[in-house]
Amino acid sequence: MGVFRERRDLVPYRSSLLPSIFTDTLVIGSGVAGLRCAIEASKGGEVIVLAKESLDLSNTSWAQGGIAAAIDDGDSLESHLDDTLEAGAGLCEPSTVRTLVSEGPGEVRTVIDWGMRVDRDRAGSISLGLEGGHRRHRIVHADGDATGHELARVLHARARAEPRIRIFERCFAVDLIVSRAERPRVTGALTWHPRYGLQLLRASHTVLASGGAGQVYRESTNPRVATGDGLAMAWRAGAVLADLEFMQFHPTALYIAGSHRALISEAVRGEGAHLVDRAGTRFMLERHEMAELAPRDVVSRAIVEHLAATHEPNVFLDARPIGGERFRERFPGLARMLADFDLDPGRDLVPVHPAAHYTIGGVVTDEVARTSLPGLLAAGEAACCGIHGANRLASNSLLEGLVFGRRAASTILDAPATRPLPEPFECRVASSDRADLDPSDIRQSLRSAMWRHVGIVRNGARLKDVRDMFRFWARYGLQAVFDDPSGWETQNLLMIGTLMTQAALARTESRGTHAR
């Protein structure tokens with residue numbers, strides 16, 4: 001990969017000239033996987049959690065749908081397992097999926113015991129929703145459509161109350177520190193803070209829980225922080241990554257000029273909403289036996305193919321069968337958001353279009369979150385442990401974060417309690433005269449190219465052209481040395497976008513979210 005292999009560090013520095021902070025466990029990321037790991041790992045030592053911006057800005061906080069778990073008497077672990085395997089299109093690791101669905105109900109009970117307020121029916125039983133790809137009502141939700149926000153609230157409170165956990169907000173992880181005294185081992189990370197500048201955070205164990213790379217696409221439901229930093233730094237450090245050709249596109253993002261591509265939860269379709277075109281035709285009826293509740297890859301692909309045939313810019317979500325009053329009761333957050341655009345879901349059709357939503361591939365891990373690099377673990381969206389295969393089943397992501405965040409911590413607690421001795425080292429980066437590059441222009445061009453050519457439906461010839469174009473951009477974009485997150489994020493996006501394109505080019509079949 002040429003310059004991609006050569007660029008091991010984003011900034012030059014000498015370790016002896018930078019301040020160092022020591023801890024037992026360093027967790028990079030403050031979403032569900034990172035915080036669940038930190039809470040558990042604090043039972044055995046000190047933990048530092050890095051939040052790229054404020055603690056509450058993550059994909060976890062933005063998650064609407066819920067947590068999938070077979071907790072109802074009419075449901076079963078086998079049914080949840082089968083639905084997950086079917087959605088994954090033959091690429092799931094069955095044993096890892098079984099771990100997920102088996103340990104998931106216990107994790108749900110744990111966060112409820114910690115104070116998570118889940119929705120209940122009049123009898124006091126947990127109210128369970130239905131989402132795409134599920135054949136049973138098994139989605140635990142909170143405040144209708146604010147499950148992620150409520151889960152994050154509970155985890156934030158639990159982490160802040162633990163004296164052995166320190167949370168560093170607005171702290172950007174630039175690169176992993178890799179000791180090469182005997183054999184490669186990750187011993188922490190180089191970080192940057194707007195007040196303190198560059199610092200070395202040294203740790204016995206480092207956990208990547210940094211989320212995905214949805215911002216590599218122009219149309220994305222992800223917050224601005226989802227720039228694939230953890231994936232890129234792991235790649236530079238020499239970790240194995242896999243399945244980057246699989247990006248999940250959510251079928252129903254709000255499609256209004258000038259608005260954020262806000263996700264409209266699958267649970268809306270589970271409650272009875274339909275997808276229709278401008279003529280009012282329910283086109284999904286002839287595409288899949290589950291119609292609008294088919295797996296996300298099926299629905300997203302059906303939408304873009306229907307739009308290509310009808311030459312329309314978007315389709316519509318028809319929530320009128322639910323009724324305005326019921327919609328506002330079940331989805332209060334969505335109702336408020338739509339009201340900002342003078343849309344009443346009990347009266348109006350809602351314009352929607354697919355958008356990049358979830359990075360299925362990531363840093364390869366085993367069932368206990370270990371990566372190919374000693375000292376480095378990964379969990380959540382940053383990891384690739386075989387749960388999702390070629391397409392993630394709806395609402396399995398928060399569940400994954402809980403289960404494998406805790407599993408990562410268990411691996412740490414079972415390991416010998418030693419802190420590596422700091423060794424002086426120097427990271428050299430060739431001097432560059434590229435400082436006048438505009439990172440924002442590179443970023444916008446990259447995101448547009450990814451959306452047009454590495455999106456929902458792909459073409460081999462165009463993938464090759466885009467890969468070659470990205471490699472050309474890298475010859476100057478990755479040679480530049482930046483001194484702030486905007487530049488580093490752009491370099492990370494360029495690196496991950498190229499890896500995604502290369503992976504998509506290598507997989508010549510169509511499978512799951514990857515359609516050729």
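Tabulated results
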| read-out | value |
| --- | --- |
| Pairs where the first residue, in the range 5-24, is among the polar types (S, T, N, Q) and the second is at pLDDT below 90 and part of a loop (DSSP other than H, G, I, E, B), C-beta under 6 Å, 6+ apart | Ser15/Pro424; Ser15/Phe425; Ser16/Pro424 |
| The lone exception for Ser372 - which of (1) over 25 Å from Leu317 (Cβ atoms); (2) outside any loop (DSSP other than H, G, I, E, B); (3) of a type in the set (S, T, N, Q) it fails | (2) |
| Condition check for Gly129: in contact with a His (Cβ under 7 Å, 6 or more places away or on another chain), farther than 27 Å from Pro422 by Cβ and touching a residue at least 24 places away in the same chain (Cβ under 8 Å) | yes |
| Any chance Asp145 is touching a helix residue (DSSP H, G or I) at 6+ places or on another chain (Cβ under 6 Å), modelled with pLDDT under 95 and either part of a loop (DSSP other than H, G, I, E, B) or under 24 Å from Val268 (Cβ atoms) (or both) | yes |
| The listed residue being surrounded by fewer than 17 Cβ atoms within 10 Å (Cβ to Cβ) and touching a residue at least 60 places away in the same chain (Cβ under 8 Å), out of Arg202, Arg183 | Arg183 |
| Phe470, sole failed condition from (1) without any contact (Cβ under 8 Å) to a residue 40 or more places away in the chain; (2) touching a Gly at 6+ places or on another chain (Cβ under 9 Å); (3) of a type outside the set (A, V, I, L, M); (4) farther than 23 Å from Glu219 by Cβ | (4) |
| Test for Leu244: is it at pLDDT 95 or above, under 18 Å from Leu208 (Cβ atoms) and not charged (D, E, K, R) | yes |
| Scan of the range 64-110 for residues that are crowded, with 22+ Cβ neighbours inside 10 Å and hydroxyl-bearing (Ser, Thr, Tyr), ordered by number | Thr84 |
| Residue in the range 481-497 that is buried (at least 16 other Cβ atoms within 10 Å of the Cβ) and in a loop (DSSP other than H, G, I, E, B) present | yes |
| Residue that is surrounded by the fewest Cβ atoms within 10 Å (Cβ to Cβ) [pool: residues in the range 5-57 that are of a type in the set (Asp, Glu) and within 22 Å of Trp114 (Cα to Cα)] | Asp56 |
| Filter result for the condition that a residue is more than 30 Å from Glu93 (Cα to Cα) and either touching a Ser or Thr at 6+ places or on another chain (Cβ under 9 Å) or modelled with pLDDT of 95 or more (or both), over Arg296, Arg320, Arg370 | Arg320 |
| Filter pass, Arg166 being of a type in the set (D, E, K, R) and either touching a Leu at 6+ places or on another chain (Cβ under 9 Å) or more than 22 Å from Glu46 (Cα to Cα) (or both) | no |
| Checking Ile456 against (1) more than 27 Å from His353 (Cβ to Cβ); (2) modelled with pLDDT of 80 or more; (3) β-branched (Val, Ile, Thr), the condition it does not meet | (1) |
| Given (1) out of contact with any helix residue (DSSP H, G or I) (no Cβ under 9 Å at 6 or more places or on another chain); (2) closer than 22 Å to Gly44 by Cβ; (3) in contact (Cβ under 8 Å) with a residue 12 or more places away in the chain, number of the condition Asp414 does not satisfy | (3) |
| Residue count, the range 154-180 (criterion: closer than 22 Å to Glu423 by Cβ and surrounded by fewer than 17 Cβ atoms within 10 Å (Cβ to Cβ)) | 1 |
| Residue selected from the range 345-360 under the condition in a loop (DSSP other than H, G, I, E, B) and buried (at least 24 other Cβ atoms within 10 Å of the Cβ), by the criterion modelled with the lowest pLDDT | Pro345 |
| Unmet criterion (only one of (1) exposed (fewer than 12 other Cβ atoms within 10 Å of the Cβ); (2) within 25 Å of Ala189 (Cα to Cα); (3) at pLDDT 85 or above) for Ala417 | (3) |
| Selection from the range 290-344 of residues that are of a type in the set (S, T, N, Q) and surrounded by 20 or more Cβ atoms within 10 Å (Cβ to Cβ) | Ser300 |
| Verdict on Ala474 being assigned to a helix (DSSP H, G or I), over 23 Å from Thr191 (Cβ atoms) and modelled with pLDDT under 95 | yes |
| Matching residues in the range 234-272 - criterion: being within 20 Å of Arg347 (Cβ to Cβ), in contact with a Ser or Thr (Cβ under 9 Å, 6 or more places away or on another chain) and surrounded by fewer than 23 Cβ atoms within 10 Å (Cβ to Cβ) | Ala262 |
| Subset of the range 436-461 (residues that are assigned to a loop (DSSP other than H, G, I, E, B) and in contact (Cβ under 8 Å) with a residue 24 or more places away in the chain) | Leu437, Val454, Gly455, Ile456, Arg458, Asn459 |
| Matching option when the condition is in contact with a helix residue (DSSP H, G or I) (Cβ under 8 Å, 6 or more places away or on another chain), of a type in the set (Asp, Glu) and touching a residue at least 40 places away in the same chain (Cβ under 8 Å), among Glu162, Glu169 | Glu162 |
| Residue in the range 109-127 that is touching a Gly at 6+ places or on another chain (Cβ under 7 Å), small (Gly, Ala, Ser), farther than 30 Å from Arg236 by Cβ and modelled with pLDDT under 95 present | no |
| Residue that is touching a residue at least 60 places away in the same chain (Cβ under 8 Å) and under 19 Å from Thr365 (Cα atoms), where the choices are Glu103, Glu86, Glu107 | Glu103 |
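Quick grid of which residues meet (1) acidic (Asp, Glu); (2) in contact with a Lys or Arg (Cβ under 9 Å, 6 or more places away or on another chain); (3) modelled with pLDDT under 90:
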site: Pro422; (1), (2), (3): no, yes, yes
site: Arg443; (1), (2), (3): no, no, no
site: Gly460; (1), (2), (3): no, yes, no
site: Ala480; (1), (2), (3): no, yes, yes
site: Gly487; (1), (2), (3): no, no, no
site: Met500; (1), (2), (3): no, no, no
site: Ala503; (1), (2), (3): no, no, no
site: Thr508; (1), (2), (3): no, yes, no
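The values are calculated or read from the model by the stated rules, or taken from the named source; none is laboratory data. Nothing here was measured: the structure is a model prediction, and the numbers come from that model. Glycine gets a Cβ as well: all are built from the backbone with ideal geometry, and neighbour counts include every protein chain shown.
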